[in-house]
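Enquirer: My questions will all concern the structure given below.
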Amino acid sequence: MMQYLSLYNSQFASIRELNRIYVDKTDLVYELAKPEAGRWYFLSRPRRFGKSLLISTFAELFRNGLKNFTGLKIADLWRDQTCKVLHLDFSLMSTARSAKEFLERFDSLMTVACRQAELNYERMEGLDVQDRLGLLLGSLPNSSLAILIDEYDAPLVANMNDPDSFADMCRGYSAIFQQIKSFQGAVRFFFMTGVVKISLTGIFSGFNNIQDISLKRKYGTLLGYTEKEVETYFSEYLDNAADVRGMSRREVLDRLRENYDGYCFDEAVSTHVYAPWSVMSFLSAPEDGFKCYWYDSAGKPSVLVNFLKRHGVFDFKRLDEEVRLEMSELGAVHGLSDMNADAILFQSGYLTFKKVIGNYALLDYPNKEVRRSMEDVCRSLIIGNDMMNRICFDGIIKPLRMGEVDVVVRFFNELMSGADYTDAQQISSEGICRFCIYLSLRGLGLEPRPEMHNAYGRSDLELDVGNKRWVFEFKFAAKKSEVDKKLAEAAHQMEARHYGEARLGSRELIRVALVYCAETRRFSSQKLPQSVRIPE
């Protein structure tokens, strides 16, 4: 019988006691926690990457020593004594909408955590939460407490669309972290995780001794699985997946790599890891295929994307291009008014390192899962989920198979009319028009191919359905008066290209020029005669 996966369990002690698969990272845990190392750390990682399990591992180590670490790498290294552990999960406070609510929820969180740690934290009349926190820390001996904070940014991210609430929440954060700073002598070890590093909260500026290890090469594989770890710890599951899917073990690994590998949290770009949640989700039910597990469970960045969209910094033109960004912009997100969209996408896991050249980083999607997920995000923003849900796949596949140009163009116009007015304003170029149609066709399960090249030029979009090959040329017109001219330009460009019999095979060629008019928010079209002649 195969050892059980730890898919829905992020508690280290429970995983070990139940003998579930635990990918041993405790050599790196030791490097961070050993007495001679630094004491204050921050780590940023996307959701579902094992941050909570890492916090739980530190908690177990400091609370109970090596009790549940038998057979792991740290067992031969750790010699330190136990200490009190204050374990705080800020995701439990994400409903707070003001500093007052944040501090009230923090007070309740502290009460529970201190009872578990047998620490004396009382609700003394006349004292506010930060004063009680100060009294607690001030009463403790030096280096006697481990403070572990998981998802520190959850309440802040939940308020990113409300500048007043966000600013007020920052004041609540500052009150708490100022007290921790004032009594830092009591702290043996401090470790804090989050998705987004937000510099204006007073946390990171106040704690000049916090080490941000998020992009350090040494800890690039602290969270996530290396390919060697996937092969070593999940060997039986790989064999099972190969059997279920009728593939070889190597083919399964290749597909896993394409879909779930490629995340790089290493500024030297020397390491890369798989998304743990996606790997285990696939291996637990390989019959379901290589789905977008990370996105479906935690990768929908609705609050972040809505913030970027609302503030006009979500640039649709860049969503399918490699991004070049200064390294200094990746470390932290600054004020609400000047947040960098690419930095948000990087910290959220949608973009990752591909190359670092001097002070600049080249970023791109890590893998197919994230690319598909990002397409879904873009599609929901531009077209809208309601419109996509109303679209019937059968209603477009038949016209595509039959070559019914008018019906297909009417379908495209129905899609574009579903865009919210503010989103429609962003449909401002030929490239965005093509991107909208490409995303919509992908969302229906079709396989459109953008910007296909041959010896005679480049087509904007091609699509094979049945025995038909559709070739589309897109143009953009700001005003209705420009449409006829743009159609003529598109038709002329298409006439200059030729499609040989060998390239088409047995397919019938359908060539359509499309012009999207921003004034009318509709496509106008012209079907061109079929041409398969190879020029002499």
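A short reminder: the numbers here are calculations on the coordinates, not readings from a lab. Keep in mind the model is a prediction, meaning the values are calculated, not measured. Neighbour counts are summed over all protein chains in view; Cβ atoms, including those assigned to glycine, are modelled from backbone coordinates with ideal geometry.
Enquirer: Mind checking Rg over Rh on the stretch 45-176, alpha carbons, Kirkwood formula for Rh? Display every interim value, and only then the final one.
Expert: On the way: Rg = 16.7 Å, Rh = 16.3 Å.
With Rh from the inverse mean 1/r over Cα pairs, Rg/Rh is 1.02.
Enquirer: How large is ³J(HN,Hα), in whole Hz, for each residue of the stretch 228-237 in order, when computed from phi with the Karplus curve 6.51 cos²θ - 1.76 cosθ + 1.60 and θ = phi - 60°, using x for Gly and Pro?
Expert: Computed from phi, the couplings for the stretch 228-237 are 4, 5, 4, 5, 7, 7, 10, 4, 5, 5 Hz.
Enquirer: Let me ask something else. Using θ = phi - 60° and the Karplus form 6.51 cos²θ - 1.76 cosθ + 1.60, what ³J(HN,Hα) does each residue of the stretch 18-23 get, whole Hz, x for Gly and Pro?
Expert: Karplus-based 3J(HN,Hα) across the stretch 18-23 equals 8, 6, 8, 5, 10, 7 Hz.
Enquirer: Something else now. Where the only charges are on Cβ atoms (+1 Lys, Arg; -1 Asp, Glu), what is the dipole of the stretch 93-200 about its Cα centre, to the nearest 20 debye?
Expert: Working: 10 positive and 14 negative charges, 61 e Å.
Value, rounded to 20: 300 debye.
Enquirer: How compact and how long is the stretch 227-291, expressed as Rg and Dmax of its alpha-carbon atoms in Å?
Expert: Radius of gyration, then largest Cα-Cα span, for the stretch 227-291: 11.9, 39 Å.
Enquirer: Please list, in order along the stretch 131-141, the HN-Hα scalar couplings obtained from phi with the Karplus expression 6.51 cos²θ - 1.76 cosθ + 1.60 (θ = phi - 60°), rounded to whole Hz, x for Gly and Pro.
Expert: After applying 6.51 cos²θ - 1.76 cosθ + 1.60, I find 5, 5, 4, x, 4, 4, 5, x, 8, 8, x Hz.
Enquirer: Sticking with this structure for a sec: Return the distance in nm (one decimal) between the two label points of a simple spin-label model at Asp296 and Leu127, each offset 7 Å from Cα along Cα→Cβ.
Expert: 5.0 nm
Enquirer: Another question about this same structure. On each of the three principal axes of the Cα atoms of the stretch 103-181, give max minus min coordinate, whole Å, ordered largest first.
Expert: If we take the Cα atoms of the stretch 103-181, the spans are 41, 28, 22 Å.
Enquirer: Same structure, new question: Report the calculated FRET efficiency for Tyr4 and Ser91 (r = Cβ-Cβ distance, R0 = 22 Å), to the nearest 0.05.
Expert: After rounding to 0.05, the efficiency reads 0.30.
Enquirer: Let me ask you something else. Just subtract the alpha-carbon distance of Lys527 and Ala75 from 0.36 nm times their residue separation and send over the number in nm, one decimal. All intermediate terms of the calculation are to be shown ahead of the outcome.
Expert: Working: separation 452, 0.36 × 452 = 162.72 nm, distance 7.18 nm.
Gain in length upon complete extension: 155.5 nm.
Enquirer: Given a Förster radius of 22 Å and the C-beta distance between Arg458 and Ser429 as r, what FRET efficiency does 1/(1 + (r/R0)^6) yield to the nearest 0.05?
Expert: So the FRET efficiency works out to roughly 0.85.
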